[in-house]
Every structure is written in C-alpha cells, then in structure tokens.
Amino acid sequence: MICPQCQQSNPETNTFCGKCGALLLGERRRNTMPVADTVGEMHQLAETTLQSVKKEAHFIEISTLDEIHDKAIKWAKVQLFFLGSAVSILLMALFIWGYKQFSDFERLILDSQNEITALSEQLSENATRVGQDSTRVSEQANTFGQTIQQEFERIKQLSQQISEIDNTIHTEIKKLRSELLTSLHEARNLQEQAKSDRYAIEKIQNSFYEIFFQIDGGHPLDDARQAALFTLLAQNGFLVKDRNIVSHVSVDRPEVIYYNVEAREKAQLLTNLLRKNFPGMTLRHLDHKDRDAREILVKLRHESSGN
C-alpha cells in the first residue's frame, strides 16, 4: 500500500502509514473489509475493529517516540562529535537543521494524533450507528421470527386438515371400492344370466326352424355319428324330425341351403355347428319364395369329413 501523504510503501496489512501515520484507505483495503452476517457478528466486528484501531494507534505512537528518541541520540552524537571542531558555524547549521527536522516531525506526530483522535471519534460514531442498526435488525429478526412461527402454526393446522381430508377420502375410496366390487360381481352375474337368457331365447328361436337332412346313400353315417350330430343340434335348439331325414339320395357335396334371406343368420349358425364334423361344409342361398322362410336344407356327405 502506498501512503497518499508521504508516498511511503507499506505492507498490505497496515491500516496506518508506518512513516507519517496517515490512514491508509486504498481500494483493496476497502474491498477486504469483513462483512458481518448476523447481529452478533456485527457487534463482535465493531468491537474487534475498535480494539484493533486503538492498538495500532498506540503502536504508531510508540514507534514515533522511538524514532524521535533515535534521532535525538543521533543528533546528540553529532553534536558531541563536533564539540572539538573549530567549525562552529557548521555545528550551528547542523543544530538548526536538526531542530527543524525535530519540529517537523513533532508537528507530524501532532497531526497523526489528531487524525487518530478523529478516526477514533469516527469509529465511535460508527460503532454507535452499528449498535443502532443491530438493534433495528434484531427487532426485525424478532418480528420475522414471530411471522415465521405464525406461518408454521398455520401450515401445521393445514397439514392436520389435509390429513383428516385424506383419511376421509381413503375411507370413502375403500367404501366405493367395496361397492364397486359388489356391483361388478352383480354385473357379472347379470351378464351371465343375460347370456343364459339370450342363449335360451336363441334356442327357442332355433326350434322354430324346420331342418331337412339329405344324407348321401353311398356313404351313410353310422348310428353313433348321426346320434351325436343330432344331439349337438338339439343342444342349440335345432330339433330334427325323423320324417325330415332322407338317407337314400345322392349328395355331391356337403352344404347348407336356405331359401329366404330371413333365415340366413340361422343357416350360418347351423353351418358353423356342422363344420365341427364336416370341415368342407358350405352355405348357399336359393331364392324360392314359395318355400317357407324357416325351412333349411342340410346335405351331408360322409367322406367330406376326411375320415
């Protein structure tokens, strides 16, 4: 650090000039001043700064007195050295020069003491202001703490309310889940019942159709296969009368023939059932308006099953 008054170079750790005692207020020193984060640290910082300034002022005073003493001794030695000299004019000149230096240095010491006194007063004012600021910050901190406490209590109450609502919702969800499972079970039962009822209705509707069979005489069905086939049809409502079975004809291919478009759905169902035993079974429509709409002809050929 360069002293702004005497241009003396000083270590960066010095607050005052080691030569003239002037206050060193460089840019780097201002940037390195510590900053307090809390109220306690601000009080401690003010006290530490004041003690440091007093110690440094005392140190400068002692250093200045030592320097005056050293210069006085040197001046006395010079005077004793020239006592025996005949050049009294030179001795007087040296005396006058030493006195002038001493006066200048004494004035410098006084100026330094005045600056130290002014600095102490300024530090005292700063300490007072820091104390006031600390009190204000402490009051603000207390107010802020009370506000935080109130917010904490409010949040705690909200948390309890949310917990109660969550428990209520959880209970309602369990209740709704139980009711939903019950409803699903009832819905499945109703669905199964509806399916059974629909199947029963469909069987009744199928029984309204009159099925005629033509079985190829060259490849007749054995009694067991024929009984199994008619049982399968009966389980689905298709009742076969003995008078509608003709087994001494020639059948070129297995097929189901319906004569009215209204019978197409039932003819298709009958075809799907017969394909389990006759994979080559086909469906064909013959437009005969003079035939009953519920008549369906089934032509069977045993070898078409692949056996």
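The values are calculated or read from the model by the stated rules, or taken from the named source; none is laboratory data. All values derive from a computational prediction rather than experimental measurement. Positions of Cβ are backbone-derived with ideal geometry, glycine not excepted, and every protein chain shown enters the neighbour counts.
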*State yes or no: is D166 of a type in the set (D, E), part of a helix (DSSP H, G or I), surrounded by 13 or more Cβ atoms within 10 Å (Cβ to Cβ) and within 47 Å of the chain's Cα centre (by Cα)?*
no
*Kindly provide the set of residues from segment 93-120 that are surrounded by 11 or more Cβ atoms within 10 Å (Cβ to Cβ), of a type in the set (A, V, I, L, M) and at pLDDT 70 or above, ordered by number.*
L108, I109, I116, A118, L119
*Contacts under 6 angstrom Cβ, first residue in segment 203-216 being in contact (Cβ under 8 Å) with a residue 12 or more places away in the chain, partner among the basic types (K, R) and in a strand (DSSP E or B), 6 or more apart*: Q214/K299
*Of the numbered conditions (1) of a type outside the set (A, V, I, L, M, F, W, C); (2) on the phi < 0 side of the Ramachandran plot; (3) at pLDDT 90 or above, G217 fails exactly one; give the number of that condition.*
(3)
_Anything in segment 121-154 that is basic (K, R) and loosely packed, with under 11 Cβ neighbours inside 10 Å? List them, or say none._
R154
*Leading residue by the ranking (farthest from the chain's Cα centre (by Cα)) among those in segment 200-240 that are over 17 Å from R264 (Cα atoms) and charged (D, E, K, R)*: D216
*So which of A72, A36, A86 is part of a loop (DSSP other than H, G, I, E, B), modelled with pLDDT under 80 and surrounded by 11 or more Cβ atoms within 10 Å (Cβ to Cβ)?*
A36
*Looking at R188, is it closer than 30 Å to L233 by Cα, at pLDDT 85 or above, part of a helix (DSSP H, G or I) and of a type in the set (K, R)?*
yes
*Taking D197 as the residue in question, decide whether it is assigned to a helix (DSSP H, G or I) and either under 46 Å from the mean Cα position of the chain (by Cα) or within 24 Å of H285 (Cβ to Cβ) (or both).*
no
